[in-house]
Every structure is written in C-alpha cells, then in structure tokens.
1. How much of the pair distance distribution for segment 70-204 lies past 19 Å, counting alpha-carbon pairs only, in percent?
2. Once you have all Cα-Cα distances for segment 180-235, histogram them in 5 Å bins from zero and send the whole-percent values.
3. Let me know the number of lysine pairs in segment 156-274 closer than 25 Å at the Cα, not counting same-chain pairs under 8 apart.
4. With the calculation restricted to Cα positions, what are the radius of gyration and Dmax of the chain in angstrom?
5. So for 177, 210, 134, 115, what's the accessible-area order with a 1.4 Å probe, most first?
6. Once you place label points 7 Å from the Cα toward the Cβ at residue 92 and residue 194, how far apart are they in nm?
7. Within segment 208-274, which trypsin sites (Lys or Arg not before Pro) sit in a loop by DSSP and count at most 12 neighbouring Cβ atoms inside 10 Å?
8. If you average 1/r over all unlike Cα pairs in segment 151-254 and invert the result, what Kirkwood radius do you get in angstrom?
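The values are calculated or read from the model by the stated rules, or taken from the named source; none is laboratory data. Bear in mind the structure is a predicted one, so any value in this text is a computation, not a measurement. Note that each Cβ is placed from the backbone with ideal geometry, even for glycine, and that neighbours are counted across all protein chains shown. Please note that ligands, DNA and RNA were not included when accessible areas were found on the heavy atoms of the full protein model with its side chains. Shrake-Rupley method; radii C 1.70, N 1.55, O 1.52, S 1.80 Å.
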Amino acid sequence: MTTKSHSHHLLVALVVAVGAIAATAMASTRSGHATKVQKPTVVLVHGGWADSSGWNGEITRLEQLGYPVIAPANPLRGLASDADYIRSILLTIQGPIVLVGHSYGGAVISNAAVEVPNVKALVYIAGFAPDKGESLIQLVTKNPGTMIGPKTLIQRKYPVAEGTEGTDLYLTKKGFETAFASDVPKKLADQMWAEQRPFSQEAFASLSGEPAWNTIPSWYLVATQDHAIPPATQMFMAHRANAKVLTVKASHVPMVSQPAATTKVILAAAKTVG
C-alpha cells in the first residue's frame, strides 16, 4: 500500500469516527434536552354527577401529544376529605403537574393543590373556584340562571358511620338534560344520567379552605351556555383568581361536548410549565 493510499484510508476512518462521535453527542444532547423539557403530568378531576370517563376526549388528545395523564375518581363525599384524597395522589407524581377541575372538581383542586409544590398550573373547566369560607351553595346562587334546585334534584339517604345517615343528591333526568348536558346528544346524555355518581349534600355545602389559586397560575374556561353555574359567576370567579380566561359556547360539560376547546385551554396552561 502506498503512503498516499494509507493516508487516504486514515482520513476516511477519521471522518467516520468524528461523525460517530458527533452523532452520539447529538443524541445525548437531545436526550438531555428531552429531560429538561419533560412534559408535565395532567391530572383531571371530575365534578359531581359525573365520573372520569367524561375526560375521554381530552385524555385521547393529550396522550397523542405525549402528555402523561391521570384522571382519578373524585370521592364526592365532602370537600376537605375529597381534597385530601386528590392531594394524596398528587404527592405520588414525579415532576410538574397541571391540575384540572370541572365543576365541583374546581373546588377540590383549589384545596388539594395547597402546599403541593409541583402543581404548577390550575385549570378550571366551568369549575368552582371558591375563596376561603365559601360553599358551592353560595356561589351557585350568586347570580340568576342556575337550574340546579329542588325541582331538578333527587335526594337519597345513605348510611354513614355509627348508624347515622348522609344525603346524596342526584339530578333528575329533566335536570340532567337542561341544567347539566343540554348540548350533548340525547343518547349519550341518557347514558351519562344513568351512570351519574352521587354527589353528597355535605360536599355541596362544605366551606372551602385557603385556595391554591392565590399562589398558583390559573386558567379558566367559561361555558357561556351553562345552566348549572351561571356564566356570570364563572367569570367572577375567574377574574377573582386572576385566571387567564377563554370562553366556549357549551353547556356545563364542555369536556364532553367541546373536547377540542377544553384541551386547548389545558395545553395553554401546560405549555407554560417546563
């Protein structure tokens, strides 16, 4: 082999080696970059007369975009105990969290996120955002327009500790169609009504503690056709919480009837978390 040929082979080998090193470094950089911008976990908390399946449209969209998602069952027994339960789940999650609440779930996340440092954003979907000492009853009657009341509610007693009784609230079928899910196709609304989770009177009347929205950035999706929580009350709570406000023409369940719009506000919050 001539000296010139030998030099040529050495040069080729050197170029190949440098290329391999560069590719490895680039992959390492990408890996490190991915770790730095790890997507937050989105935790979706449903409200009364609902369950986690109401978030199906959002879960599908968020997971397609690479977000880890969990939608735990909200016990619907009492605000303090429900918040404690959701907080216990939050404390098991590594990394940043975007915490989302619909309706009563908004009151739960307002309390559950207190002193959980990795909750970086709160998102209210037609949700209650109570201040300290407020109840859902106070807020739902603050402005005219709610159809939640004696004519749309069914009361059922249930046993609790030491032989005492609690009271569960269910929506009547008519109440579900008018106050809760007026823009959902009837077949689906009927299924949702049949499957509704009972919402205890205690949870409805519980007083909120110090709210997490005082210290955590918040977003709020106002449902402008809501007949459960009047839109004026939603807007009041959103502005009081200094939330970034989006609106959607939807009933009380925009996560079911308008999943794309609901996902949009969740992503708006998630993209600020890094």
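1. Details: 5092 of 9045 pairs.
In whole percent, the share of Cα-Cα pairs in segment 70-204 beyond 19 Å is 56.
2. The distribution over segment 180-235 is 4, 14, 12, 18, 25, 16, 8, 3, 0, given as percents.
3. So the count works out to 14.
4. 24.5, 100
5. Working: 177 65, 210 95, 134 40, 115 170 Å².
Per-residue accessible area, sorted high to low, gives 115, 210, 177, 134.
6. For the pair residue 92/residue 194, the computed spacing is 3.1 nm.
7. 249, 271
8. After inverting the mean inverse Cα-Cα distance, the result is 15.8 Å.
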